[in-house]
1. Quick check on this structure: which one of R99, R109 is of a type in the set (K, R), under 15 Å from S16 (Cβ atoms) and within 33 Å of the chain's Cα centre (by Cα)?
2. If you scan region 23-45, which residues turn out to be at pLDDT 90 or above and either in contact with a strand residue (DSSP E or B) (Cβ under 7 Å, 6 or more places away or on another chain) or within 19 Å of A313 (Cβ to Cβ) (or both)?
3. Take the residues of region 535-550 that are out of contact with any helix residue (DSSP H, G or I) (no Cβ under 8 Å at 6 or more places or on another chain) and at pLDDT below 90: which is surrounded by the fewest Cβ atoms within 10 Å (Cβ to Cβ)?
4. Identify, by number, the condition in (1) surrounded by fewer than 17 Cβ atoms within 10 Å (Cβ to Cβ); (2) closer than 23 Å to C143 by Cα; (3) in contact with a helix residue (DSSP H, G or I) (Cβ under 7 Å, 6 or more places away or on another chain) that L24 doesn't meet.
5. Those residues that are closer than 16 Å to V5 by Cβ and under 36 Å from the mean Cα position of the chain (by Cα), I need them from region 300-311; list them, please.
6. So, of the residues in region 427-461 that are polar (S, T, N, Q) and more than 26 Å from the chain's Cα centre (by Cα), which turns out to be modelled with the lowest pLDDT?
7. When you scan region 381-395, do you find a residue that is in contact with a Phe, Trp or Tyr (Cβ under 8 Å, 6 or more places away or on another chain) and under 30 Å from V193 (Cβ atoms), even just one?
8. Here are Q305, Q336: which of them is under 30 Å from S16 (Cα atoms), at pLDDT below 80 and outside any helix (DSSP H, G or I)?
Amino acid sequence: MGFKVIIVGGSVLGLSLANMLERLNIDYTLLEAYPNIAPQVGASIGLLPNGFRILDQLGCFEPILEMVGEYHLKNSLCVPDGKPLGPPSMVNIQHLEARLGNPSIFIDRQMLLQVLYDNLKNKDKVIPEKRVAKVELLKEGVCVHTKDGCVFEGDIVVGADGIHSTVREEMWRIIHEERPGYFPVDEHSRVPVATKCIFGISKRPSNLPIHNQQLVFNEGRSYLIISAPGNRTYWFLFSGVGDTKFGKDIPSLRENVTFGDIYKNKIMATLIDPISGQGGNGALEAAALLTNALTDMLEKNPKVQPTESVEAALAQVHINRHERAKTSVANAHTLQQVLTGRSPYSKIVTKYLAPLLGDEGFLGTAIPICKASHRVYRLPLPQRRRLVPFDDELPAQPMTSSLKNRPDLGIWPLISAAAFTVFGPNATMPLLGFGIVTRGTNTLPGRHVPVKYAKAILPSAIFGYAIPTIIASLPIQDRLLRKNIDLFASAAPVFSAALINSIASVIQKMKHVTSSTKATKDLRETDKDEFVDMYNKRDVVPLKIAYTFVVGACATVHVASALYPILAT
């Protein structure tokens, strides 16, 4: 008899794991407590590029997009009265998709479960109406008893049965019986909760725009409102619980839309403890890691898997998953503290820092989290165009930011100091550039220059800096005029910087005038133009022209300076 996995729960984790095991020819049985495999339980789930990449491996990419339809949403960060801090933009989500190759969408949890179930070829391995009552350890394997008297045997049991997990309770029972004192008796009461959340699905209020997503922050609470397929709305209300609760002690969105408007139209709502925004995506990653560990184990021992081998495989899953899960939870906790006004930095971040950093600030935070994810290594990965590789696609893993990896920070300053002493100041900048190239970076520099500024660089440099400098070099004898010219030339860098904004503004207005849509172009189309400019590299040509002109001008000056003494004699 071959290796067999008993999956308890037809959740996102359970059904995604079933798909992975089926594709890798590992036997399994999935037990679901509900009569239906994809019940309308829960509300929405956010799929980020790291989770979507795994779903893409399973062949679920197109079915999900067909079900969702339009998924590019305009995002707004709003103050308590519903007024946005800036114009709504969908650029950050489009950037995330372009750079990581997979979209970010919200979908009904039930829709995702249905896609995962429909994707299975052997649906007879998924058995509904089997609520687990007891898990029994055997000498080599496990035995699962259901409340209707059925018994299922396998080599391991995977608990994918939600927050009120029977499998988890059975694990507690068994560990207390087998190894008393291994865990504290009051372990359940040590779980901290600082935020509560109610979320659900509602019919869209008529005055709430479609294809929109609003994050509204307030003192002690925040709202997240997201457009949903079928003229509906996903909504979340996060609120602090005051002092942090432990265990058993756990207890306007827009200017013209209130939370009451949405709540009275509710289709479904659930009161739960807050969870990490990476919850569903983390479940997909956990399923992938478990599948990887099991396939590694079965390749080494295809016929017999002793308990030690199974324990080693599960320990490897823990090693690969624990720190990332811990970091995700900590990040989500910090974000909730900021958005609900319970952090001392809340006002600084929400009112000033977030608008100032803009899309690149969001991307600089989201991309490193997503690209450090895991996938099913033995399943093919569909090729989708992206600009940023995931960490597991790199030839070597990126270095972490721990102190033990930082000694090299002092090497290049020492080399530069030595070069400065021996060869002079001109030797330091080339070495600095070489050091930056050879060290690499975990940050993602924004190379793109908005096209209007790329086109404005050359004329602003000519009229704001070059011409004043040339005039200042002329042999003007009038002392007052000489003084004024020198004063103007000394301010040329400031004047040039101001001039570039003026010229860029003129270029942008001329583009709108000559455009077929002229001034009636809406915000969504403007966002689209800027997005297309970036990923089609439309800034490169004007930048090349500017750089070529500057290099030519500098070379001409240098050559003329070198030849002048010779020709003068």
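The values are calculated or read from the model by the stated rules, or taken from the named source; none is laboratory data. Please read all numbers here as calculations on a predicted model, not as lab measurements. No Cβ is skipped: glycine too gets one built from the backbone with ideal geometry, and neighbour counts run over all protein chains shown.
1. Working: R99 fails: under 15 Å from S16 (Cβ atoms).
So the residue among R99, R109 that is of a type in the set (K, R), under 15 Å from S16 (Cβ atoms) and within 33 Å of the chain's Cα centre (by Cα) is R109.
2. If the condition is that a residue be at pLDDT 90 or above and either in contact with a strand residue (DSSP E or B) (Cβ under 7 Å, 6 or more places away or on another chain) or within 19 Å of A313 (Cβ to Cβ) (or both), then R23, L24, N25, I26, D27, Y28, T29, L30, L31, E32 are the ones that fit.
3. N536
4. Among (1) surrounded by fewer than 17 Cβ atoms within 10 Å (Cβ to Cβ); (2) closer than 23 Å to C143 by Cα; (3) in contact with a helix residue (DSSP H, G or I) (Cβ under 7 Å, 6 or more places away or on another chain), L24 violates only (2).
5. Scanning region 300-311 gives S309, V310, E311.
6. As a first pass, look at region 427-461 and keep what is polar (S, T, N, Q): 428, 438, 441-443, 460.
Next, from what is left, pick out any that are more than 26 Å from the chain's Cα centre (by Cα): 428, 438, 460.
Values: T428: 74, T438: 64, S460: 91.
Among them, the one singled out is T438.
7. no
8. Working: Q336 fails: outside any helix (DSSP H, G or I).
The conditions single out Q305.
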